[in-house]
Amino acid sequence: MTESTTEQSVFWSPAVAQLKPYVPGEQPKSTERLIKLNTNESPYPPSPKAQAVLQEDGLAAHLRLYPDPESTQLRETIAAEFDLAPEQVFVGNGSDEVLAHAFYSFFQRPEPLLFPDITYSFYPVYCQFYGIESRTLPLREDFSIGVEDYAVENAGGVIIPNPNAPTGRYLPLTEIEKLLQLHPERVVVIDEAYIDFGGESAVSLIDRYPNLLVIHTLSKSHALAGLRLGYAMGQAHLIEGLNRAKNSFNSYPIDGIAQKVATAAIADRTWLADNCAKVIATREWTCDQLTKQGFDIVPSTANFIFAKPTKTSAEALFLALRERNIIVRYFNKPRISEYLRISIGTDEEMQALVSACQEILQ
């Protein structure tokens with residue numbers, strides 16, 4: 001990401017001048033050989049069925065036409081996967097765009113939006129962008145979410161990632177239900193970007209809770225980060241709210257090729273299960289190996305781990321790994337500045353990480 005200039009243009013509106021944009025993880029442009037474990041991408045290629053779509057004859061010829069503005073086939077495929085109706089599914093360009101529409105549609109209220117103090121750092125950015133008041137609630141000492149802390153009167157809504165990021169901790173469905181019951185008149189968004197790596201989706205609660213919106217992405221478990229496809233699931237009245245926002249902003253958000261590739265990927269259930277199983281096995285092996293080296297590891301059900309080195313500082317280890325062409329994520333923020341977020345790569349990549357840590361920390 002290009003660094004922002006410190007000088008503001010006289011042509012900027014006051015709203016743009018005061019924005020503090022989200023900063024993603026490093027995306028190196030160098031051709032040097034890197035082990036990239038900093039942005040929670042899949043270490044494996046996407047489903048062969050999804051890849052095959054790109055080889056179809058005549059695919060490019062369709063680019064002269066506008067895509068289906070309703071993404072009908074894709075929404076029907078998602079609905080079938082989760083035993084929902086197509087009217088209960090909304091799709092967007094990555095889950096970040098879906099989140100943007102959700103913030104606009106449901107959280108612009110006089111009461112504050114509630115979310116954890118340590119969480120996905122795009123949430124406060126959207127609050128600033130839309131002028132939404134927010135209130136952060138501290139995670140417990142073990143980085144778990146205390147649902148009872150969300151018993152706040154006059155809240156404008158709630159959003160949490162489950163599993164949470166960057167910690168990887170999972171909140172059981174029984175606790176999600178308590179959260180939904182605390183705020184029956186406000187939307188509760190459960191951001192499930194990493195749910196396929198060990199948790200149980202809250203989609204099963206949708207029919208019982210009209211205030212529940214569940215958001216998924218194809219960037220992680222489906223290995224399609226470059227495609228930019230995310231979706232939301234909820235009762236039809238919530239999806240209609242998202243559609244009103246989308247159709248007032250961009251009525252053709254999902255290109256035709258993305259719709260076809262995503263449809264094939266979601267329908268390939270066997271590949272998804274196998275891919276997630278490989279990542280989970282490698283995650284558990286990595287946790288075991290780093291624990292033996294003295295790391296404190298936060299329990300994770302994501303495709304990453306949150307690890308605290310005890311023999312050196314997190315920043316020093318981050319820099320030492322970078323010198324060895326291994327990139328992990330370091331957050332220089334209160335409470336988490338002694339932790340590294342490490343994405344799960346291939347077995348070979350994680351072996352290289354473990355060996356490098358052993359060399360650095362000996």
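The values are calculated or read from the model by the stated rules, or taken from the named source; none is laboratory data. If you're wondering where the values come from, they're calculated on a predicted model, not measured in any experiment. All Cβ positions, glycine included, derive from the backbone under ideal geometry; neighbour counts span all protein chains shown. Keep in mind that these areas ignore ligands, DNA and RNA; they rest on the heavy atoms of the full protein, side chains included. Shrake-Rupley method; radii C 1.70, N 1.55, O 1.52, S 1.80 Å.
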Selection over segment 172-201 where residues are touching a Leu at 6+ places or on another chain (Cβ under 8 Å) and more than 23 Å from Ala100 (Cβ to Cβ) yields a count of 3
In segment 296-312, which residues are surrounded by 15 or more Cβ atoms within 10 Å (Cβ to Cβ), under 24 Å from the mean Cα position of the chain (by Cα) and over 16 Å from Gly199 (Cβ atoms)?
-> Ile297, Ala307, Lys308
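Go through segment 185-202 and give me each residue that's more than 12 Å from the chain's Cα centre (by Cα) and acidic (Asp, Glu).
Narrowing segment 185-202 to residues more than 12 Å from the chain's Cα centre (by Cα): 185-189, 197-202.
Matches in segment 185-202: Glu185, Glu200.
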Output the residues belonging to segment 207-222 that are outside any loop (DSSP other than H, G, I, E, B) and either of a type in the set (Asp, Glu) or under 20 Å from the mean Cα position of the chain (by Cα) (or both).
-> Asp207, Leu212, Leu213, Val214, Ile215, His216, Thr217
Can you tell me which residue among Pro110, Pro124 is under 30 Å from Ile342 (Cβ atoms) and out of contact with any helix residue (DSSP H, G or I) (no Cβ under 7 Å at 6 or more places or on another chain)?
-> Pro124
Filter segment 20-54 for residues that are of a type in the set (A, V, I, L, M, F, W, C) and open to solvent by 50 Å² or more (accessible area, probe 1.4 Å); which is nearest to Ala100 (Cα to Cα)?
-> Val23
For segment 313-362, what are the residues that are assigned to a loop (DSSP other than H, G, I, E, B), open to solvent by 40 Å² or more (accessible area, probe 1.4 Å) and among the hydroxyl-bearing types (Ser, Thr, Tyr)?
-> Ser313
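Results for (1) open to solvent by less than 30 Å² (accessible area, probe 1.4 Å); (2) touching a helix residue (DSSP H, G or I) at 6+ places or on another chain (Cβ under 8 Å), shown as yes or no for each residue.
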{"position": "Arg208", "(1), (2)": "no, no"}
{"position": "Leu212", "(1), (2)": "yes, yes"}
{"position": "Ile215", "(1), (2)": "yes, yes"}
{"position": "Lys220", "(1), (2)": "no, yes"}
{"position": "Leu229", "(1), (2)": "yes, yes"}
{"position": "Gly234", "(1), (2)": "yes, yes"}
{"position": "Asn250", "(1), (2)": "no, no"}
{"position": "Ile257", "(1), (2)": "no, yes"}
Per the filter on segment 279-295, residues under 14 Å from Gln362 (Cβ atoms) and open to solvent by 60 Å² or more (accessible area, probe 1.4 Å) are Lys292
Go through (1) surrounded by fewer than 16 Cβ atoms within 10 Å (Cβ to Cβ); (2) aliphatic (A, V, I, L, M); (3) under 23 Å from the mean Cα position of the chain (by Cα) one by one and return the number of the condition Leu272 breaks.
-> (1)
